[in-house]
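Encoded as C-alpha cells, the structure appears first; notes follow it.
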Amino acid sequence: MTKFILGRIGMAILVAVTVSAVTFLMLNLAGDPAIAIAGETASAETIAQIRVQYGFDQPLILQYLKWLGSAASGDFGYSYYFKVPVFDLISQRIGVTMLLGVLGISFALILSIPLGVLAAVKPNSIFDRLSLFLAVVGQAIPSFWGGLLLIVLFSIKLRWLPASGSGSWNNFVMPTIVLGYYATPALMRLTRAGMLEVLSSDYIRTARAKGLRTSKILFKHALRNAIIPVVSLAAVQMGFMLGGSIVVESVFALQGAGLLAWQSIARNDLPTMQALILLFSMFYIFFTLVADVLNAWLDPRLRGK
C-alpha cells in the first residue's frame, strides 16, 4: 500500500508541474504582461523599462523556473490590479470557496444517495422515473442559469434569501443548491447502479432467506458495499466543484476565490490568474489522489494485491 501511495503522489506531483508549465506558457503567450502592468496607453519606452524591471525580457523557460521556485515557497508575486501580494489576496478569499465546496458536496450526497437507493429498491416505479427526471434536469440546466432562476424566485419574488454577498449563512443557501445539484445526477446514477448490482447478489438473497429486516439488509449489507464507488466519485466531484465555483460565485457575488478568478481574467491580472489556476488544479489533483488511495484501500486488487 505504501508503494502504491508513493507512486500516486509522484504522479500527482508530475501532473501539477505539467499543469503549472502549460498554464504559465499559455497565459504569457496570450498577452504581454508588461503592457498589463503599464496600461494600454503607456509609451513604448515605459513598456520596455517594465519588461526589463520584471524580467519579462528573459527567456520564457527562465521566467517559469523563477516563478515555480517562488510559488513553491508561497510567493506568487504581486497582483497587477489589486496591488497586493497574490498570496494574501487568495488567503482572504479561499475560505469562502472551500466552505461552498463542502456545502455543495454535502448537499449532493444527501440528495443523491437516498434517491439512488429508492430508485434501486423500486426499479421502473414512479420513484425511479422521478429520480431519472431529476438527473436529466440537473445535467441539462447550466449552473449560471439555475442560479439566476433561484435569484428571481427566492430573492426577487419571495424575498426569502439575499441575492448576493457572503456575510451570513443565508448567502450560501442558493449557491449550495446550484453547485450541489450539478453533481447530483452522476452520484445518484452510480448509487442506483451499485445498489441494483448488490441487491441481486447471492449474499443479499441469503440474508432475505434468513428473515432479516429489510432496513438492515439495505443499510447494513447492501448500501455499505454499493457506497464505495460513490465515495470515490464524491472526492473527484469535490475537486470539480472547487474549480467550477467560478461561475456560481460570479452569479451570486460571493467574495471567494472563484469570483477573484473571474475578476483577474477580466482585468488581465496574470499573477493572480496563474496562482488561481494552479490552486484549482491542485485541488482537483489532491482529491483525485484521495479517491485513488481510497479505492485501493477498499479494493486491494487495484494496488496489485
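Ser131 - would you say it is assigned to a helix (DSSP H, G or I), buried (at least 22 other Cβ atoms within 10 Å of the Cβ) and at pLDDT below 85?
Yes: the conditions hold for Ser131.
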Quiz item: Can Leu161 be described as assigned to a helix (DSSP H, G or I) and either within 30 Å of Tyr284 (Cα to Cα) or open to solvent by 20 Å² or more (accessible area, probe 1.4 Å) (or both)?
Solution: no
Quiz item: Is there any pair with a first residue in the range 117-145 that is in contact (Cβ under 8 Å) with a residue 40 or more places away in the chain and a second that is of a type in the set (Val, Ile, Thr) whose Cβ atoms are under 6 Å apart and which are 6 or more apart or on different chains, and what are they?
Solution: Gly138/Thr184; Ser143/Val178; Ser143/Val247; Ser143/Val248; Phe144/Val247; Phe144/Val251
Practice problem: Give me a count of the residues in the range 260-269 that are surrounded by 23 or more Cβ atoms within 10 Å (Cβ to Cβ) and either assigned to a helix (DSSP H, G or I) or in contact with a Gly (Cβ under 8 Å, 6 or more places away or on another chain) (or both). | Solution: 3
Quiz item: Any idea which of Ala257, Ala275, Ala222 is touching a residue at least 24 places away in the same chain (Cβ under 8 Å), of a type in the set (A, V, I, L, M, F, W, C) and closer than 17 Å to Ser112 by Cβ?
Solution: Ala222
Quiz prompt | Entirely in the range 1-119, the helices (runs of 4 or more DSSP H) that have 3 or more residues that are surrounded by fewer than 17 Cβ atoms within 10 Å (Cβ to Cβ) and not basic (Lys, Arg) | solution = 2-30, 44-53, 60-72
Exercise. Within the range 170-185, identify whether any single residue is outside any loop (DSSP other than H, G, I, E, B), without any contact (Cβ under 8 Å) to a residue 40 or more places away in the chain and touching a Leu at 6+ places or on another chain (Cβ under 6 Å), and answer yes or no.
Key: yes
Quiz item: Among the residues of the range 229-250, is any buried (at least 19 other Cβ atoms within 10 Å of the Cβ) and more than 22 Å from the chain's Cα centre (by Cα)?
Solution: no
Quiz item: Are any residues in the range 225-240 aliphatic (A, V, I, L, M) and either under 18 Å from Phe283 (Cβ atoms) or at pLDDT 80 or above (or both), and if so, which ones?
Solution: Val230, Val231, Leu233, Ala234, Ala235, Val236, Met238
Practice problem: Determine if the range 184-204 includes at least one residue that is open to solvent by 60 Å² or more (accessible area, probe 1.4 Å), within 22 Å of the chain's Cα centre (by Cα) and charged (D, E, K, R). | Solution: yes
Quiz item: Any idea which of Phe154, Phe133, Phe127, Phe172 is closer than 14 Å to Ser245 by Cα and aromatic (Phe, Trp, Tyr)?
Solution: Phe172
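The values are calculated or read from the model by the stated rules, or taken from the named source; none is laboratory data. What you see is a predicted model; the values in this text were computed from it and never measured. Note that each Cβ is placed from the backbone with ideal geometry, even for glycine, and that neighbours are counted across all protein chains shown. Accessible surface is based on the protein model in full, side chains and every heavy atom, while ligands, DNA and RNA are left aside. Shrake-Rupley method; radii C 1.70, N 1.55, O 1.52, S 1.80 Å.
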